[in-house]
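Shown next, in structure tokens, is the structure this report addresses.
What follows draws every value from the coordinates through simple rules; no lab data is involved. This structure is a prediction, so every number in the text was calculated from the model and none was measured. Cβ placement follows ideal geometry from the backbone for every residue including glycine, while neighbour counts extend to all protein chains displayed.
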Amino acid sequence: MKALHIYAGPKAMAHIEANGLKPEHIGVIPAAAGGPKGLILGPLDRFLFGEWLQQSTQPIDLVGASIGAWRMATACLNDPLQGFDRLSHDYIHQEYKVPKGQKRPSAQQVSSEFSQTLQAFYGGHVSEVLNNPRYRLHVVTSRGKHLLHHEHPLLTPLGYAGAYLCNAVQRKAMGAWLERVVFSSRGELPFDTADFATQHMVLNQRNFMAALQASCSIPFVLQAVHDIPDAPTGAYWDGGITDYHLHLNYKGLVLYPHFQQAVVPGWLDKALKWRHKATPFLDNTIVLAPNPEWVNTLPNGKLPDRSDFITYASDFEGRVKVWKGAVSASEQMAQEFADWLAKPDMGSVHRL
């Protein structure tokens, strides 16, 4: 059974038909939020950044939210292959012990331990990421406004309720509650920002750790990151809230390793199925995603996800085994893409 499905927007489809797909064609690589689901993209990341893209020299913009930001920052290390191996290991082996008398770890505990993970991972290597001669990193975060400007046990849930209602009416209206703040190592943003309230900041040594942690800070699971250096004051949360799957109006040809076909705009759009369809924003986009039938063959018949932390709450080794099994199986996706690149077949490319 094929593990990989390739989807392309109309302009990307025409490009492949006329030119094939070569590493020098790629201008942007997005990386979605989605927690443990992103683990299955590890082998694809290793192939793309460790082998295929090495055959070209053009600058490439890497845009990431949440685990996607962690993945794309790892791609900017001097040794990305070692970095991706460690990312997979560290993510899989996360363990947040539940204190006695509690049902789950507190947001403060998870934030503190995750901060230590990032410090151990990138400590001494931030300059490598920021000064990569080829890759320009863009870390997406969500900054709260009004009731969400500061984290509060009562006001924050009310603020997110307001954001949900506004978003249900019109995605752009959610900008009254949350804005997209993108931290970039250098260069302009590789997408148009007319779709949503956006601020663009410089990613530097002072704010790298804070921005990356903010991009991964799921509301109510982790604490917000407040007052990131060299950026507007306030509470910053997971970049996936405003841009769950980075459904953006990109400039240039986009290669998008993703864990599903649908590119969902924001986290609050998960239940709004009519927003899951491709739009003209994705006309230049090629999505590499797992075949849903192949996903059914993975442990538990699904991709790893955050519910596994609850399912395996008392069985750490069981969760590790299941997640490692899914990552190992996903090597088939990378091999199939390498085979397709060697002998492109338009019959294997589906409309996005």
Structure-based [θ]222 nm, the chain - -39500 (n - 2.57) summed over DSSP H runs of at least 4, per residue, nearest 500: -9500 deg cm²/dmol
Between Gln261 and Gln335, how high is the FRET efficiency from 1/(1 + (r/R0)^6) when r is the Cβ-Cβ distance and R₀ = 25 Å? Nearest 0.05. 0.80
From the Cα gyration tensor of the stretch 136-201, with a ≥ b ≥ c the square roots of its eigenvalues, which class applies: rounded if a/c is under 1.5, or else prolate if a/b is larger than b/c, or else oblate? oblate
The chain, Gaussian network, Cα under 10 Å: of Ser142, Ser106, Ser215, the residue fluctuating most is Ser106
When we measure straight from the Cα of Lys270, which lysines land under 24 angstrom away, once same-chain ones fewer than 8 places off are left out? Lys37, Lys145, Lys172, Lys302
R0 = 22 Å: FRET efficiency of Asp315 with Thr117, Cβ-based, nearest 0.05? 0.55
Got a sec to turn the phi values of the stretch 65-73 into Karplus ³J(HN,Hα) couplings, 6.51 cos²θ - 1.76 cosθ + 1.60 with θ = phi - 60°, whole Hz, x for Gly and Pro? 10, 6, 4, x, 5, 4, 4, 6, 5
Return the single residue from Gly318, Gly144, Gly240 with maximal mean-square fluctuation; model: Gaussian network over the chain, springs between Cα atoms under 10 Å. Gly318
R0 of 45 Å, Cβ-Cβ distance Leu155-Lys2: FRET efficiency to nearest 0.05: 0.40
The chain: antiparallel bridges as % of DSSP beta bridges, rounded to 5, reads 45 percent
At a 10 Å Cβ-Cβ cut-off, how would you order Ile67, Ile60, Ile218, fewest neighbours first? Ile218, Ile60, Ile67
How high is the relative contact order of the chain? Use alpha-carbon pairs under 8 Å, at least six apart in sequence, and give a whole percent. 28 percent
One finds the C-alpha centres of the stretch 1-54 and the stretch 100-134 to be spaced, in Å, by 27 Å
Could you tell me what % of all Cα pairs in the chain have separations over 35 Å? 18 percent
